[in-house]
Amino acid sequence: MTIKRDEQGSAAVELALLVPALVILLGLLVGGGRLWFARTTVTEAANTAARAASLSRTASSAAADGAAAGRQSLTTAGLKCQDAAVSIDTSAFEVPVGNPATVTSTIRCSVPFGDILLPGMAGSINLVGTGNSSLDTYRSRR
């Protein structure tokens, strides 16, 4: 196979143009996956917090148990929030027994871009997750 004189080095030029584009595409895929993981982790932590709160017997213990479970879930997943805020809506404990009621939790988490995209990258993203869990309809509430 003979190569024409005007095509010499064309493979090197094509490779030099293609490799940076592929590296950028790979970086976007990794960054997108890490962002998806962070969002999913916050939502899962909110669901865990709501479930833990719904298993409590009183509104005050529900708030404490739910907040602790939400923070523990974030820690277990390895997500580093700069300032995580867990709020539990315990108004469901005021609903009379025999009526359906749902405990709701909300987790707000500010995740640094350095943990999601590139180490040392400035800035952060605010993530919010909401979870719901039903109280047992016929269990006593205080």
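Summary table below
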{"read-out": "Full-extension gain in nm, S87 to L25, via 0.36 nm per residue minus C-alpha separation", "value": "18.5 nm"}
{"read-out": "For peptides 28-35, 130-137, 9-16, 93-100, sequence by mean Cβ density within 10 Å, most packed first", "value": "130-137, 28-35, 93-100, 9-16"}
{"read-out": "Contour minus Cα-Cα distance for F37 and D136 (0.36 nm per residue)", "value": "32.5 nm"}
{"read-out": "Theoretical ellipticity at 222 nm over the chain - DSSP helices of four or more residues, -39500 (n - 2.57) apiece, nearest 500", "value": "-17000 deg cm²/dmol"}
{"read-out": "Over the chain, volume per residue of the alpha carbon convex hull, in Å³", "value": "144"}
{"read-out": "Residues whose placed amide H lies under 5 Å from that of I125, excluding near-sequence neighbours", "value": "V111, F113"}
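Since every read-out is calculated from the coordinates, none of them should be taken as a lab result. None of the values given here were measured: they were computed from a predicted structure. We place every Cβ from the backbone using ideal geometry, glycine too, and count neighbours over all the protein chains shown.
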